[in-house]
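Peer 1: Before I ask anything, here is the structure I am working with.
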Amino acid sequence: MAQLLQLLDSAIAFGTVIMLGALGEILIEKSGNLNLGIPGVMFLGAIGGLIPPFFYELNGGSNPIVGILLSLLCALLFAAFGGLIYSFLTITLRANQNVTGLTLTIFGAGFAEFFGASLNKLAGGVGQISIPVTSAGFRAYTALGAKGGLMKLIFGHGFLVYLSLVIAIVMHWFLNRTRKGLNLRAVGENPGTADAAGINVTRYKYLGTIIGSAIAGLGGLFYTVDYIKGTWANDGTVEGLGWLAVALVIFATWKPLNAIWGSYLFGIVMWSYMYVPGLTRSTSELYKMLPYVMTLLVLILVSLRKKRENQPPASLGLSYFREER
């Protein structure tokens, strides 16, 4: 029982990273943009959330609330800036979305690694970065979580875990119950028809992409300040989690609520090898492939069943030319 609770606890923490990335990409894709730069955006959120509290604590800051606010604000701004770059290139300049997204991933990774290495140097060496005050604030949980067992599983997480659930629920409501959400979906399905109906296609695409990127950036922030406890790791894990987030979008069939259980399922599958006796290193790597295999199976099933509600937006990845309407 203890091992099961430990596995589920790890799955929730791991799943939160990719859930936030997937939720951001779902919002972006609902606007018709295919942003393969989500790993880069998560990199921007990760380093953006680390820089301000690092200097704050380096200069004697000891208020966790100040550290949390600085970290959140900069992570959102850095990730939103990545979304703005992507939007300008693909919406205004009509650049190829696939190429732009992959370029954004390379840019985000390079940007984050450069500043991560700089912070390491300032901190005195690789692995010396530490923001204990801010990280403790992000990871703080209630007295109920301190009781251990099932109570810890439910209540023993930092506030970003619960914020991710709120974002998923609010996004589901927004996309399905509000006029602006329906307008955004209309832009993703048929921008020409939406334009003819008086919907500002450019505005919705910009806002959907920038806000979605900011949400995805929270995934990188969570990884840095909570999952690895406020340090910086130059091991490419953020990029791998970013691609898992993109895979989760397909697995969730572009539905925010499906991203909740899908992310936790990915987490269980990814960490289950730790509890299987007698595994070799190569065999454990096969376990890490399972989320992608599951995504492929879902993609095949969705394609065979051909239910419209499980399909991606009809204009996904296509630039909109108003002159051709």
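Peer 1: Just the accessible area per residue of the chain, please: how many Å² with a 1.4 Å probe?
Peer 2: 46
Peer 1: Going 7 Å from the Cα of Leu297 toward and past its Cβ, which residues in segment 206-250 have a backbone nitrogen under 18 Å from where you end up?
Peer 2: 247-250
Peer 1: Separate question: Ala146 to Ala196: extension gain in nm, 0.36 nm per residue of separation minus the Cα-Cα distance?
Peer 2: Working: separation 50, 0.36 × 50 = 18.00 nm, distance 5.63 nm.
Difference between extended and current length: 12.4 nm.
Peer 1: So how far apart, in nm, are the two label points at Val276 and Trp261 if each is 7 Å from Cα heading toward Cβ?
Peer 2: 2.3
Peer 1: Right, another one. Would you compute, from DSSP H runs of 4+ residues alone, the mean residue ellipticity of the chain at 222 nm, taking -39500 (n - 2.57) per run and dividing by the full residue count, rounded to the nearest 500? Kindly include the intermediate steps, with their values, before the conclusion.
Peer 2: Numbers: 14 runs with 228 residues, N = 325.
For the chain, the value works out to -23500 deg cm²/dmol.
Peer 1: While we're here: With a ≥ b ≥ c the root eigenvalues of the C-alpha gyration tensor of segment 212-325, is it rounded (a/c under 1.5), prolate (a/b larger than b/c) or oblate?
Peer 2: Oblate, since a/c reaches 1.5 and b/c is not below a/b.
Peer 1: Moving to a separate point now. Assuming R0 = 25 Å, can you tell me the calculated FRET efficiency for the pair Lys121 and Thr237, based on Cβ-Cβ distance, to the nearest 0.05?
Peer 2: 0.75
Peer 1: Between the helical axis of 201-222 and the dominant principal axis of the chain, each derived from Cα atoms, what acute angle in degrees is found, rounded to the nearest 10?
Peer 2: 10
Peer 1: Moving to a separate point now. Given the options Leu73, Gly21, Gly220, identify the residue whose Cα lies farthest towards the positive end of the charge dipole of the chain (+1 on Cβ of Lys, Arg; -1 on Cβ of Asp, Glu).
Peer 2: Gly21
Peer 1: Taking all pairs of different Cα atoms in segment 72-149, averaging 1/r and flipping that mean, what Kirkwood radius in angstroms comes out?
Peer 2: That comes to 15.7 Å for segment 72-149.
Peer 1: What is the spin-label model distance, in nm, from Leu93 to Glu113 if the labels are put 7 Å beyond Cα along the C-beta direction?
Peer 2: Each label point is offset 7 Å from its Cα along the Cβ direction, giving 2.3 nm.
Peer 1: A further question follows. Using the alpha-carbon atoms, what tilt in degrees (0 to 90, nearest 10) does helix 179-189 show relative to the longest principal axis of the chain?
Peer 2: Helix 179-189 sits roughly 70 degrees off the main axis of the chain.
Peer 1: Could you work out what % of the accessible surface of the chain is carbon and sulfur, using a 1.4 angstrom probe and leaving DNA, RNA and ligands out of the count?
Peer 2: Solvent-exposed carbon and sulfur of the chain make up 68 percent of the total.
Peer 1: Ok, one more. Relative to the Cα centre, what is the charge dipole magnitude of the chain, using +1 at the beta carbon of each Lys and Arg, -1 at the beta carbon of each Asp and Glu, and rounding to the nearest 20 debye?
Peer 2: Charge dipole of the chain: 780 debye, to the nearest 20.
Peer 1: While we're on this one: Roughly speaking, what is the stretch gain from Gln128 to Glu285, that is 0.36 nm per residue apart minus the C-alpha to C-alpha distance, in nm to one decimal? If you can, show how the numbers build up before the last one.
Peer 2: Numbers: separation 157, 0.36 × 157 = 56.52 nm, distance 2.88 nm.
Net length gain for the segment: 53.6 nm.
Peer 1: Which of Tyr275, Tyr264, Tyr56 moves the most in a Gaussian network model of the chain with Cα springs under 10 Å?
Peer 2: Result: Tyr275 has the largest fluctuation of those listed.
Peer 1: With contacts defined as alpha carbon pairs under 8 Å and 6 or more residues apart, what's the relative contact order of the chain in percent?
Peer 2: Relative contact order comes out at 36 percent.
Peer 1: Select from Ile228, Ile250, Ile260 the residue whose mean-square fluctuation is largest in a Gaussian network model of the chain (Cα-Cα springs shorter than 10 Å).
Peer 2: The residue with the greatest mean-square fluctuation here is Ile228.
Peer 1: With axes computed from alpha carbons, what is the tilt in degrees of helix 159-177 against the longest principal axis of the chain, rounded to the nearest 10 within 0 to 90?
Peer 2: 10
Peer 1: Mind jotting down the distance between the C-alpha centroids of segment 93-131 and segment 1-64, whole Å?
Peer 2: With segment 1-64 and segment 93-131 each reduced to a Cα centre, they are spaced 14 Å.
The values are calculated or read from the model by the stated rules, or taken from the named source; none is laboratory data. The shown structure was predicted, so the numbers you read here are calculated from the model rather than taken from an experiment. Positions of Cβ are backbone-derived with ideal geometry, glycine not excepted, and every protein chain shown enters the neighbour counts. Please note that ligands, DNA and RNA were not included when accessible areas were found on the heavy atoms of the full protein model with its side chains. Shrake-Rupley method; radii C 1.70, N 1.55, O 1.52, S 1.80 Å.
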